[in-house]
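**Student:** The following block contains the structure, expressed as structure tokens.
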Amino acid sequence: MASGDSDHRVRSWTKDGGETLVLPYIRRRFCFGVLWLFVTAIALLLIPLAAFAATYYVDYSSGVDTNTGTTKSTPWKHHPYMQTFTGTYTHAAGDIFIFKGGVTWQWTTGDRMFPLYVKAGGASGNSDQYTVDTTWYNGSSWSLPIFDGGQQCGGSTTTLGANGALIQDYFWTPSNVLINSLQLQNIGNPSDCSGTAVMFQGGGSSIEIKNCVLNPNGLQAFGYDQPTSGGVSSAHVYIHNNQITNAGRGVIYGRLGSVLNDVEVYGNKWQGAGANSAFGGFHLDGLMIGCPVSCVSGGPATVTNIKFYDNYFYGLWPLSTAQYFTSGWTQNTTIYNNVFAIENTSCPSGACLSPGFISTYGYDSNFAIYNNTFSSDSVPGTGAGTGAIAFNNTSGTLIVEGNIFSGTAVDIASINPSSYFSSIAIDYNLHNPSQTGLPGYPAGYWAVFGWSGIGNFACTSQSTCASHGVESHGVGSSTYSSSYPGFVAIPNGTTGSGNFRLQAGSPAINAFPTAAAPTSIFNTDILGVSRPQGSAWNMGAYERTNIAPPGNLQVIP
């Protein structure tokens, strides 16, 4: 290299005098390295740090919104998504919100806090939770926190008005949300009774509502819906272990062009709405599920893979449609271990439930109905107008096994002939139909398929049913008797007066062979008692006789 070169290099010499470069550009490289580290550090500082989920505490009685909310001693007064929250909050997936027990959040003109808009959700396996800590409460003992909207169907005070809600997602579409152990009440609009205690209408997935008291004094205890624009695929909606009262219905809707898959509704106690069941002329049910409007005749299912089990219906049910009603376009439904019952002693409009306890609107397919107890014994014949189970334009497979039917005029009814179904399996049921029913309607039937002219087959006994290939092992009484199934207590018109456990000697005990039972689907009764307790399964929802009815059965005026 020429001596005039300005390139500063460290040289070494070989034995033969050759030149070898050992450390090129030490100072320059050092400077570049320092600069690179500096730029990288600045870049990392500019990247927003991922928020970590936290637990927050909310206490209307002593909280302050400017608190941190992160301890029981520094709670917020309102939830950040309530309308009158004045603090600061940054959401992180998996946030947990603890509402203090024994405290009421009351909508007033001075604090218009509702609705609580669920603006964000959690992540898969890490739901946002709206919940409680049973060690944190006001008063001498634990009670649920209460959200009170301050208006009731038929009342004189209007707060949120028509179609209000205490909790809802509005136009946000959160997924992975849990609502647990809240008492939600008084949201019914006085003039038309509309209103919903908790409503998700954005089509989110993994929505769970459990252990709540849903007492809306209005149309809907809960609601789930998808956008009417369609094109949404949702999954995993679970409604369970709630006390539901003073409500016209709960709804789960799928929409044209969308699919909601995997719905489970279980362990709920549904008290009839009694005198409030007019509810402004709305369609009244226990659960209403399916496509409510604008679906295409014969079109694809909108709600699929439904399980409805361990639910207990009681109380007064005048002027209602059904306790389980499909608004059509459902597919693959399994219904088991439920008590479908009314406790009325009269029905003001002919039938208390019309068409029946279970009713399908149309274009539903594939039903399996096991080990339910149906009782219209307090109003024989007219309690469920058309039948205990009433199918309309229903197709696919039909299984009805292990059930108790008592006091209904027709136990299993289909407006269409049996050929609508690809297969029918009806067996091991107990039938005790009333020989009187609504004027102009059939009575005393175990099953009728093809309603007009009493169908392509109808049967009133085990022998006539067996001749049509059903009820080869069914049992029944030749004439109606409220004592025949052996229930512990027939309702007397008072809410909570019925007891549908089986007395010793009931023909339903050990009458469903375990080999024929649906052991791959469930193996307990409505109370979680293992099946069988004897030589075979019992028919109906209860497996044994020496245990109380479902716990925490409330009678709410």
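Every number in this text was worked out from the coordinates using simple rules, so none of it is lab data. Because the structure is predicted, anything quoted here is derived from the model rather than measured. As a convention, Cβ positions derive from the backbone with ideal geometry for all residues, glycine included, and neighbour counts pool all protein chains shown.
**Student:** Grab the DSSP H runs of the chain that are 4 residues or longer, score each as -39,500 (n - 2.57), total them, divide by all residues and round the 222 nm result to the nearest 500 deg cm²/dmol.
**Tutor:** Value at 222 nm, helices only, nearest 500: -1500 deg cm²/dmol.
**Student:** Taking Rh as the Kirkwood radius computed over C-alpha pairs, what is the Stokes-Einstein D of the chain at 25 °C in a medium of viscosity 0.890 mPa s, expressed in µm² per second? If you can, show how the numbers build up before the last one.
**Tutor:** Details: Rh = 26.0 Å.
Rounded to a whole number, D works out at 94 µm²/s.
**Student:** Further, regarding this structure: Dipole of the chain (Lys/Arg Cβ +1, Asp/Glu Cβ -1, origin at the Cα centre): which of PHE500, PHE114, TRP76 lies farthest to the positive side?
**Tutor:** Working it through, the farthest residue towards the positive pole turns out to be TRP76.
**Student:** Right, here's the next one. Arrange the peptides 239-248, 71-80 so that the one whose residues have, on average, the most other Cβ atoms within 10 Å appears first. Display every interim value, and only then the final one.
**Tutor:** Working: 239-248: 25.1, 71-80: 18.9.
Ranking, from highest mean packing down: 239-248, 71-80.
**Student:** Distance between Cα centroids, the range 512-533 to the range 74-97: provide it in whole Å.
**Tutor:** Measuring centre to centre over Cα atoms gives 45 Å.
**Student:** Using C-alpha positions alone, give me the convex hull volume of the range 222-278 per residue in cubic angstrom.
**Tutor:** 75
**Student:** To continue, here is another question. How large is Rg/Rh for the range 242-334, to two decimals, with Cα atoms and a Kirkwood Rh?
**Tutor:** My calculation puts Rg/Rh at 0.99.
**Student:** Picking from TYR312, ASN429, SER419, whose Cα lies most toward the positive end of the charge dipole for the chain (charges on Cβ: Lys, Arg +1; Asp, Glu -1)?
**Tutor:** The listed residue farthest towards the positive side: TYR312.
**Student:** Under 17 Å Cα to Cα from LYS72, which lysines show up? Leave out anything in the same chain fewer than 8 places away.
**Tutor:** Result set, ordered by chain and number: LYS100.
**Student:** Obtain the radius of gyration and the Kirkwood radius of the range 287-438 from its C-alpha atoms and give Rg over Rh.
**Tutor:** 0.95
**Student:** I've got another one for you. Using a basic spin-label model with each label point 7 Å from the Cα along Cα→Cβ, how many nm lie between ALA516 and ASN211?
**Tutor:** According to this spin-label approximation, the distance is 4.1 nm.
**Student:** To make sure I understand the rule: partners must be aspartates and glutamates, Cα under 12 Å from the Cα of LYS307, and not fewer than 8 residues away in the same chain. Which ones qualify?
**Tutor:** ASP262, GLU264
**Student:** Out of all Cα-Cα pairs in the range 62-205, roughly what percent, to the nearest whole number, are more than 27 Å apart? Could the numbers behind the result be given before it?
**Tutor:** On the way: 2083 of 10296 pairs.
When all Cα pairs of the range 62-205 are counted, 20 percent exceed 27 Å.
**Student:** Tell me, what is a quarter of the convex hull surface for the C-alpha atoms of the range 246-557, in nm² with one decimal?
**Tutor:** Seen from a random direction, the Cα hull of the range 246-557 projects 14.5 nm² on average.
**Student:** If you fit an axis through the alpha-carbon atoms of helix 26-46 and take the longest principal axis of the Cα set of the chain, what angle between them do you get, 0 to 90°, nearest 10?
**Tutor:** The angle comes out at about 30 degrees.
**Student:** Relative to the Cα centre, what is the charge dipole magnitude of the chain, using +1 at the beta carbon of each Lys and Arg, -1 at the beta carbon of each Asp and Glu, and rounding to the nearest 20 debye?
**Tutor:** Numbers: 19 positive and 28 negative charges, 208 e Å.
Charge dipole, the chain, about its Cα centre: 1000 debye, nearest 20.
**Student:** What is the calculated FRET efficiency for ALA162 to GLN83, with r their C-beta to C-beta distance and R₀ = 22 Å, to the nearest 0.05?
**Tutor:** Plugging the Cβ-Cβ distance into 1/(1 + (r/R0)^6) gives 0.80.
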